[in-house]
There are 2 protein chains.
Amino acid sequence: MSDPVKYLLPEAALPSEWYNLVADLPVPPPPVLHPGTLQPVGPADLAPLFPEALIRQEVATERRIEIPEPVREIYRLWRPTPLYRARRLEKALGTPARIFYKYEGVSPAGSHKPNTAIPQAFYNKEAGTKRIATETGAGQWGSSLALAGAMFGIEIDVYMVKVSYHQKPYRRALMESYGARCVASPSTETNAGRAVLAANPDSPGSLGIAISEAVEIAASRDDTKYALGSVLNHVLLHQTVIGDEAIAQMDMAGAYPDVIVGCTGGGSNFAGIAFPFLGAKLRGGPDVRIVAVEPAACPTLTRGTYAYDFGDTAGLTPLTKMHTLGSTFVPPGFHAGGLRYHGMAPLVSHIKELGLIDAVAYRQTECFAAGLLFARNEGIVPAPEANHAVKGAIEEALKAKAEGKEKTILFCLSGHGHFDMGAYSEYFADRLMDLEYDEGALASALAVLPKVP
Amino acid sequence: MSDPVKYLLPEAALPSEWYNLVADLPVPPPPVLHPGTLQPVGPADLAPLFPEALIRQEVATERRIEIPEPVREIYRLWRPTPLYRARRLEKALGTPARIFYKYEGVSPAGSHKPNTAIPQAFYNKEAGTKRIATETGAGQWGSSLALAGAMFGIEIDVYMVKVSYHQKPYRRALMESYGARCVASPSTETNAGRAVLAANPDSPGSLGIAISEAVEIAASRDDTKYALGSVLNHVLLHQTVIGDEAIAQMDMAGAYPDVIVGCTGGGSNFAGIAFPFLGAKLRGGPDVRIVAVEPAACPTLTRGTYAYDFGDTAGLTPLTKMHTLGSTFVPPGFHAGGLRYHGMAPLVSHIKELGLIDAVAYRQTECFAAGLLFARNEGIVPAPEANHAVKGAIEEALKAKAEGKEKTILFCLSGHGHFDMGAYSEYFADRLMDLEYDEGALASALAVLPKVP
């Protein structure tokens, strides 16, 4: 019998609590501010958009928060997810490093997003919400919330960026398979959408516009709330099942990571894998280096400014302190759509400022090359977002080889690429370029950041 | 803690042997005949196409055949696969029946096909094969063999039916991700392809033409062999890991199936789930009813003739006794492409003749409706092929409800639908019709079956 390639936890080992990093931080994160008063927002400000339970989680300071049993019941359809030892990749690289990866692509939607979609739908159901409105770009989040809506009997309205709506009909069909309604944004259903269409009937849409539409619907209807798939504290909280399971599985493997690697767009899968390990370190546990990998074409952590900014393009959201390229910055249209966000989760930004994590940026072609090396050895074709984590892990493994060190590397493979094969087609046809952002546009976007004393 | 929804075997419980149903049959299956001499074929007849180890497995009579360790090493990337209890579906149906399903969609290619692609590539590698040529229609088999080629360092040339090559670029990209070469068939690379193109430059291709191209390449080159993804005995043999794992998992659940349901195209996933249970029954074990579900538009088992016929359209293969609609019969273009085959695996046909299994046929729209009910309760969106098994299982569960019986149902969910969302889009747009085959064409195809005394 060979050494194991994967470590599976029994269903009974599914975490019963989420882990809240805030409890272990040496410095609390800065408050979220009301854009009008510049005073910290209170629960009442957020009540039109989110159910009370999620608002409480957004500001929670306790270390552990119980996962409701109905949420665990749905989690168990695919969780605990497997932890793999990438033995074939190690051999291909000729590295003395041990490479482990936690695979979140086994969820029915193919990514880590259902980890938060399910509890968000549950708390909304408990609060009597009839409908949740949300936005989606490439569709990973929309399809995950659609799944969650089906599980709890909540209507889901997804405002999908119009250009993606037409370019990614398969993602749309997945949402519809779960019974969600998918609307091309800008739409005629909202003031925000109608205003955009009046000015430009051919608008291809943007995530900013889609957020405005979803928020408007939620704010204007008593039975409808809003949901976000990344960035917010409660979203990151829900993703910590990834890291807590990984701790138990690394233990099964008789190992502990020296380095943890995750890709960062809004920051949720990265937080999911990293926060439980970071918390253990902050409580006096083993040291671990944590590396956030972002796209060179949208380098929030490595090139952005740490400042108060809006979460959306239209400036409707509260102000959060985060690494940002400016809410008016439009990143070029590279294929890891899940990483095309102008800001970074405030909690991830905060720990970057505290020096608790490192950040690196890679270009998309080198990430696709890394993803293909991974696929041809480990079998799984990663999502373009996850290719960034693969690239980061491979770089760490090659560094270990150069140094002759037996390092242990853990990364999060956040999703499979079965809905993203169009991007791979482009890559094979040599049509996938390393897009550069416009330095002037970045400077302009940073110049108009909101003024907060 | 609620009752489990899934049953996971540890890696150590991965089967170490395949199960060969032939050893337990009361009557041996009829021989395969040479189309020229009408005499049973010998190993030498098959040697240009297959490595010796696979030819031996094709005619093996021993009950258990060892799975080579390098094959098990790759299997372990996704096996043992989970067995689920469909508790939410049961509740939605209000049935007293317990519904279990074995999920093969967790493989990197998303279906059960790698179970045989991996050993076929392994035995070819052992025999010194440099390249394997094969055909693919919708692309499930081609992408699975491409994966296997990447794992063992064998070049894979896939002749993909031209209309699918253009309609399903994502499947093609998946094959290319694994390093395979994908060629639109008919191509200019073979005599067979050139002949078709000379007669009709705009030919959309067919599975029959693609088989002819792949077989011609394999037969004419010393370093190249051929591989088939279903139908043959050795293919069915490799799939029995599904059923052997399921036996152990049903035991974990403290249950044994009263009914087993599988969808049938060529017959391989059906054989995989059913044969180990059938073998146990034939050796004096518990009784179990076995139901093969096929598409009403290609009703091989329910409307075909049991007779000697060619495996391909062009008449290049040996003659096998099977349920067939005639090798010249062209089924209508419904969306479960993996079930669009004019014949049935000889071994499945044989046990149907022996009265050991039942067969039913359903229309595609009722199968899509069943698949969506499943998706909205269990989370997984099934492949169109697998929807037939879902439909069959639901019908059994509703029968149990009508009869007030606590039946235990087990079915094989052979793959996920993430590459097939175009078919779901058609369904939502009411463009998916229940296609009828042409009765006259069927009669004509059956009238020209080869004459075997």
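If you go through the stretch A:279-296, how many residues are touching a residue at least 12 places away in the same chain (Cβ under 8 Å) and either basic (Lys, Arg) or open to solvent by less than 10 Å² (accessible area, probe 1.4 Å) (or both)?
Residues flagged as touching a residue at least 12 places away in the same chain (Cβ under 8 Å) and either basic (Lys, Arg) or open to solvent by less than 10 Å² (accessible area, probe 1.4 Å) (or both) within the stretch A:279-296 amount to 10.
Every residue in the stretch A:1-54 that is within 14 Å of chain B (Cβ to nearest Cβ) and hydroxyl-bearing (Ser, Thr, Tyr), please. So that I can check it myself, show each step before the final result.
We begin by selecting, within the stretch A:1-54, every residue within 14 Å of chain B (Cβ to nearest Cβ); these are A:1-16.
A:Ser2, A:Tyr7, A:Ser16, listed by residue number.
Could you tell me which residue of the stretch A:101-122 is farthest from A:Val235 (Cα to Cα), considering only residues that are away from chain B (no Cβ under 14 Å) and of a type outside the set (Val, Ile, Thr)?
A:Lys102
Out of curiosity, is B:Glu17 within 30 Å of B:Tyr84 (Cβ to Cβ) and modelled with pLDDT of 95 or more?
yes
Do the conditions hold for B:Cys412, that is, is it of a type outside the set (A, V, I, L, M), within 19 Å of B:Thr300 (Cα to Cα) and surrounded by 24 or more Cβ atoms within 10 Å (Cβ to Cβ)?
When the stated conditions are applied, B:Cys412 does not pass them.
For the stretch B:334-359: of the residues being farther than 22 Å from B:Ser111 by Cβ and of a type in the set (Gly, Ala, Ser), which is most open to solvent (accessible area, probe 1.4 Å)?
The selected residue is B:Gly355.
Return yes when B:Ala274 is touching a Gly at 6+ places or on another chain (Cβ under 8 Å) and either open to solvent by 10 Å² or more (accessible area, probe 1.4 Å) or in a strand (DSSP E or B) (or both) and no when it is not.
When the stated conditions are applied, B:Ala274 does not pass them.
Given (1) within 29 Å of A:Val291 (Cα to Cα); (2) open to solvent by less than 10 Å² (accessible area, probe 1.4 Å), identify the lone condition not met by A:Gly254.
It is condition (2) that A:Gly254 fails.
Go through the residues of the stretch A:158-169 one by one and say whether even a single one is touching a Ser or Thr at 6+ places or on another chain (Cβ under 6 Å) and closer than 14 Å to A:Ala218 by Cβ.
yes
Give the stretch A:420-437 a look and list any residue that's touching a residue at least 60 places away in the same chain (Cβ under 8 Å) and open to solvent by 90 Å² or more (accessible area, probe 1.4 Å), or say none.
Result: A:Met433, A:Glu436.
Conditions: (1) out of contact with any helix residue (DSSP H, G or I) (no Cβ under 7 Å at 6 or more places or on another chain); (2) crowded, with 24+ Cβ neighbours inside 10 Å. B:Leu232 meets all but one. Number of the miss?
Single failed check for B:Leu232: (1).
Filter the stretch B:186-217 down to residues that are under 24 Å from the mean Cα position of the chain (by Cα), of a type in the set (S, T, N, Q) and more than 21 Å from B:Arg131 (Cα to Cα), then give me how many there are.
Applying the first criterion (under 24 Å from the mean Cα position of the chain (by Cα)) to the stretch B:186-217 yields B:186, B:204-217.
Now drop any that are not of a type in the set (S, T, N, Q), which leaves B:206, B:212.
Filter once more, so that each one left must be more than 21 Å from B:Arg131 (Cα to Cα): B:206.
Residues meeting the conditions: 1.
With the condition being open to solvent by less than 10 Å² (accessible area, probe 1.4 Å) and β-branched (Val, Ile, Thr), I'd like the helices (runs of 4 or more DSSP H) fully within the stretch B:1-118 carrying at least 1 qualifying residues.
So the answer is B:69-75.
Among A:Gly392, A:Gly404, A:Gly379, A:Gly440, which is the only one that is small (Gly, Ala, Ser) and within 14 Å of another protein chain (Cβ to nearest Cβ)?
Numbers: A:Gly392 fails: within 14 Å of another protein chain (Cβ to nearest Cβ); A:Gly404 fails: within 14 Å of another protein chain (Cβ to nearest Cβ); A:Gly440 fails: within 14 Å of another protein chain (Cβ to nearest Cβ).
Just a single option satisfies the conditions, and that option is A:Gly379.
Of all residues in the stretch B:174-218, count the ones that are within 14 Å of chain A (Cβ to nearest Cβ), open to solvent by 20 Å² or more (accessible area, probe 1.4 Å) and in contact with a helix residue (DSSP H, G or I) (Cβ under 7 Å, 6 or more places away or on another chain).
Summing the residues that are within 14 Å of chain A (Cβ to nearest Cβ), open to solvent by 20 Å² or more (accessible area, probe 1.4 Å) and in contact with a helix residue (DSSP H, G or I) (Cβ under 7 Å, 6 or more places away or on another chain) in the stretch B:174-218 gives 2.
The values are calculated or read from the model by the stated rules, or taken from the named source; none is laboratory data. Everything numeric in this text was worked out from a predicted model, so none of it was measured. For neighbour counting, all protein chains shown are included, and Cβ atoms are generated from backbone atoms with ideal geometry for every residue, glycine included. These accessible areas exclude ligands, DNA and RNA; they are computed on the full protein's heavy atoms, side chains included. Shrake-Rupley method; radii C 1.70, N 1.55, O 1.52, S 1.80 Å.
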